[in-house]
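The values are calculated or read from the model by the stated rules, or taken from the named source; none is laboratory data. From a predicted model like this one, the values you see are computed outputs, not experimental measurements. Heads up, the Cβs are rebuilt from the backbone with ideal geometry, glycines too, and the neighbour counts pull from every protein chain shown. Side chains included, ligands, DNA and RNA excluded: accessible areas come from the protein's heavy atoms. Shrake-Rupley method; radii C 1.70, N 1.55, O 1.52, S 1.80 Å.
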Amino acid sequence: LQYEDQLACAIKLAGVLDNLGRVEETINTWLYVVELDATHMQALNELERLYTDEGQWENVVHTLESKIAIIDYIEDKIALYLQIADIWENQVGNIENAAAAYQSILDLDPERESAFTSLEELYTNHDKWPELLNAYLERADVVTNPQKRLELLFKGAKIAEENMEQPEMAFNVL
């Protein structure tokens, strides 16, 4: 069969299998579609839906990452990274990966205050003081408002002194 015919048959088969409730075979068929065409958004959307329904969170994340790789619009990428962060934090309980997703948003848009606030809350809620201090220092390097920069440095110094019990580090932060 030609590529287009293989793709069309696989898509049709996936639909039939899905209607029959044969989840594993449906997933495998959509994976075959993605193997044929890594940019096939319908297949990625269907995989995301199926994996979500099955609670296969790491596969959901992998699918979302595949979508991020093929879309161009930054706001769409950011929305997907927010989903990834939520899954890592609330479904899987992997704080480091959730933080990495928020950091990916900040890499795309360093001025995105909501992503930084979410990262700050994540570290605070899980007592990740060294990570929070580092986040404050990194953020202080990219903000353009001098008042905001000073506020971040003071927050970092407070974390070093009170939560990490390292007053000399607090002094060095300032």
Once both labels are modelled 7 Å past Cα along the beta-carbon direction, what's the residue 38-residue 138 spacing in nm? 2.6 nm
Report, in whole Å, the centroid distance computed from the Cα atoms of the range 75-134 and the range 156-172. 23 Å
Looking at the range 95-144, which GluC sites (Glu not before Pro) are DSSP coil and have at most 16 other C-beta atoms within 10 Å of their C-beta? 111
Run down the lysines and flag those whose C-alpha is under 16 Å from the C-alpha of residue 155, throwing out any fewer than 8 positions away in its chain. 128
For the range 53-174, which whole-number percentage of the solvent-accessible area (1.4 Å probe, protein heavy atoms only) is attributable to carbon and sulfur atoms? 46 percent
For residue 148, give me every one of the aspartates and glutamates with a C-alpha distance below 16 angstrom, ignoring sequence neighbours fewer than eight places off in its own chain. 111, 113, 120, 138
What trypsin sites (Lys or Arg not before Pro) does the range 141-174 have in DSSP loop regions with at most 14 other beta carbons within 10 Å? none
Separation in nanometres of the label points that stand 7 Å from Cα toward Cβ, at residue 70 and residue 12: 2.1 nm
Computed from these coordinates, which is P(r) over Cα pairs in 5 Å bins from 0, in percent: [x] 1, 8, 15, 14, 14, 12, 8, 8, 6, 5, 4, 3, 1, 0, 0; [y] 2, 8, 17, 18, 17, 12, 8, 5, 4, 3, 2, 2, 1, 1, 0, 0; [z] 2, 9, 18, 21, 20, 14, 7, 5, 3, 2, 1, 0? [x]
Using a cut-off of 20 Å between alpha-carbon atoms, which lysines can reach residue 77, once sequence neighbours fewer than 8 places away in the same chain are excluded? 67
Per 10 Å bin, what is the whole-percent P(r) computed from every C-alpha pair distance within the range 21-115? 17, 45, 31, 7, 1
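Restricting to DSSP loop positions (anything but H, G, I, E, B) with no more than 13 other Cβ atoms inside 10 Å of their own Cβ, which chymotrypsin sites (Phe, Trp or Tyr not before Pro) remain in the range 38-87?
On the way: sites: 51, 57, 73, 81; in loops: 73.
Loop-located and lightly packed - 73.
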Before rounding to the nearest 500, sum -39500 (n - 2.57) across all DSSP H runs of length at least 4 in the chain and divide by the residue total; then give [θ] at 222 nm in deg cm²/dmol. -24500 deg cm²/dmol
Can you work out the accessible area per residue across the chain, with the rest of the protein chains kept in place, probe 1.4 Å, in square angstrom? 57 Å²
Relative contact order [Cα under 8 Å, 6+ residues apart], the chain, whole percent: 10 percent
